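The values are calculated or read from the model by the stated rules, or taken from the named source; none is laboratory data. Bear in mind the structure is a predicted one, so any value in this text is a computation, not a measurement. With ideal geometry, Cβ positions are generated from the backbone for all residues, glycine too; neighbour counts draw on all protein chains shown. Side chains included, ligands, DNA and RNA excluded: accessible areas come from the protein's heavy atoms. Shrake-Rupley method; radii C 1.70, N 1.55, O 1.52, S 1.80 Å.
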Amino acid sequence: MLRWEDTPSVAAMRCSRAWVEINLEAIHHNVRQFRSLLRPTTDLMAVVKADAYGHGAIAVARTALAAGATWLGVATVPEGIELRQAGLTAPILVMGALHDAEEVRALARWQLQPTIVTPKQALVFATALSDACLPLPVHIKLDTGMSRLGFDWQRALEFVEFVSGLPALQITSMYSHFATADEPDPTEMRRQHERFERAIATLEMHNQLPARLHLANTAATLTDADALQYDMVRVGLGLYGLAPAPHLQSLLNLQPALEVKARITHIKKISAGAGVSYGHRFVAKRPMTIAVVGIGYADGIPRQLSNQLTVLIDDQPVCQVGAITMDQLMLDVSDIHGLTEGDIVTLLGNSTSHQITADDWANRIGTISWEILCSFKHRLPRIMTRNRTRRLYPAEDSLL
């Protein structure tokens, strides 16, 4: 009889089907590339929201800080608490807008720094923290043209004076966010930058300018030298090795950090005329050998890529056929000999002479690489590596 203690660990079983590999050396390299653009005194915020764009927030944050990042950026209070519970002490900016008093108190308890976008929100913070011994550092966000979060840049003085008058809050920075920094035409980016500068000038005139200013995201860090003169840049997508737009790809030597791999679970031969998968969206025109792979749209592989996806097996491009299903997809392996169940397929990543990136998928289905990276579900374990050949095992935080 098979005893429970004789069975493989759950962690090992989770990795037997499909997984995501994160090359931490690539993260380290990318941070160093961005640091090379900055003055020594300019802070670099590693944006690790959304579980570090699907890469694993804790491991990525540790790596980025070791490589020269000085701040961390998240979207929610729980994301920040997760980093604090992991022992990270770097300043953390919460970039989402909070209005719940319990969240405000949790934010203060865990020494997270919030974004303030309206006077009403500032009052919620002031009321929730009325008994606090020390004022909470907060970041003022201005809307200079993104039309998302932020207070009207033309009323920056009014807003800063209001928040400054609340004893429970202490303004530590002011920032805004570009809407079009990744576009080839810089007109709108320059317009936003000019608005930010006009707000700065007004605040300076009235002796109300916050001590820290920041404006540049990844794209602006690559293209707007003036934005680099502020006190900090916020790097998101570039941290993970992808450029925000094709025309920016040659500006830095970035290395994609994420690979997606899965195993062949079944190999079969089909006859000419046989339909493959739901709806028979692919019909074999000749006898074929089909490999079934244990990964599907429930893991984050877009179903829109059905019959459009190319993967790598032993450095050879292979076409996916039929509709991608919830947990599986099929490949045409008719021209590859010697395959067996358990062989590894690379869906995103490198081989000796080929590379498949999130940009390739995004371009194929009309979306953006950010969405592709954030789509991989957590039933795919994240395996952290220091290079492409050596894995860090569970004792070294390999499974997140």
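Side notes on the structure shown:
- For region 60-84, a residue qualifies if it is open to solvent by less than 10 Å² (accessible area, probe 1.4 Å) and aliphatic (A, V, I, L, M), and the qualifying residues are Val60, Ala61, Ala64, Ala67, Ala69, Leu72, Val74, Val77, Leu83.
- Search result, residues across region 316-372 that are small (Gly, Ala, Ser) and farther than 28 Å from Val48 by Cα: Gly322, Ala323, Ser334, Gly338, Gly342, Ser353
- Filtering Leu347, Leu373 for residues that are touching a residue at least 60 places away in the same chain (Cβ under 8 Å), under 21 Å from the mean Cα position of the chain (by Cα) and more than 26 Å from Met288 (Cβ to Cβ) leaves a single hit, Leu373.
Each row is one residue, and each column tells you yes or no for (1) assigned to a helix (DSSP H, G or I); (2) among the polar types (S, T, N, Q); (3) exposed (fewer than 14 other Cβ atoms within 10 Å of the Cβ).
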| site | (1), (2), (3) |
| --- | --- |
| Ala323 | no, no, no |
| Met326 | no, no, yes |
| Gly338 | no, no, yes |
| Glu341 | no, no, yes |
| Thr346 | no, yes, no |
| Thr367 | no, yes, no |
| Trp370 | yes, no, no |
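- Scope region 225-240; condition at pLDDT 95 or above and of a type in the set (Asp, Glu); matching residues: Asp231
- Positions within region 290-315 being at pLDDT 95 or above and part of a loop (DSSP other than H, G, I, E, B), in sequence order: Gly294, Ile295, Gly296, Gly300, Ile301, Pro302, Ser306, Asn307, Gln308, Leu309
- Among the residues of region 213-230, those that are in contact with an Asp or Glu (Cβ under 9 Å, 6 or more places away or on another chain), within 16 Å of Lys141 (Cα to Cα) and open to solvent by less than 20 Å² (accessible area, probe 1.4 Å) comprise Leu213, His214, Leu215, Ala216.
- The requirement of being assigned by the TED database to the domain that holds Ala220 and within 15 Å of the chain's Cα centre (by Cα) is not satisfied by Ala106.
- Positions within region 170-190 being open to solvent by less than 10 Å² (accessible area, probe 1.4 Å), in contact with a helix residue (DSSP H, G or I) (Cβ under 8 Å, 6 or more places away or on another chain) and within 20 Å of Pro137 (Cα to Cα), in sequence order: Met174, Ser176
- Taking region 330-362 as the range and being over 22 Å from Ile383 (Cα atoms) and among the aliphatic types (A, V, I, L, M) as the test, the residues that pass are Met330, Leu331, Val333, Ile336, Leu339, Ala362.
- So Leu142, is it farther than 11 Å from Pro167 by Cα and touching a helix residue (DSSP H, G or I) at 6+ places or on another chain (Cβ under 9 Å): yes
- Search result, residues across region 1-49 that are part of a helix (DSSP H, G or I), open to solvent by less than 50 Å² (accessible area, probe 1.4 Å) and modelled with pLDDT of 95 or more: Leu24, Ala26, Ile27, His29, Asn30, Val31, Gln33, Phe34, Arg35
- Region 129-173, subset free of Cβ contacts under 8 Å to residues at least 12 places away in the same chain and not in a strand (DSSP E or B), residue nearest to Val94 (Cα to Cα): Leu134
- Subset of region 244-253 (residues that are within 12 Å of Leu222 (Cα to Cα) and either outside any loop (DSSP other than H, G, I, E, B) or in contact (Cβ under 8 Å) with a residue 60 or more places away in the chain (or both)): Pro244, Ala245, His247, Leu248, Leu252, Asn253
- Subset of region 88-128 (residues that are over 16 Å from Phe151 (Cα atoms), assigned to a helix (DSSP H, G or I) and among the small types (Gly, Ala, Ser)): Ala101, Ala106, Ala108, Ala126, Ala128
- Yes/no for Leu65 being without any contact (Cβ under 8 Å) to a residue 60 or more places away in the chain and part of a helix (DSSP H, G or I): yes
- Meets criteria (open to solvent by 40 Å² or more (accessible area, probe 1.4 Å) and under 26 Å from Ile27 (Cα atoms)) for Ser250: yes
- The single condition among (1) part of a strand (DSSP E or B); (2) not assigned by the TED database to the domain that holds Arg263 that Val318 does not meet is (2).
- Evaluation of Pro256 against (1) assigned to a helix (DSSP H, G or I); (2) open to solvent by 10 Å² or more (accessible area, probe 1.4 Å); (3) at pLDDT 95 or above (one fails), failing number: (1)
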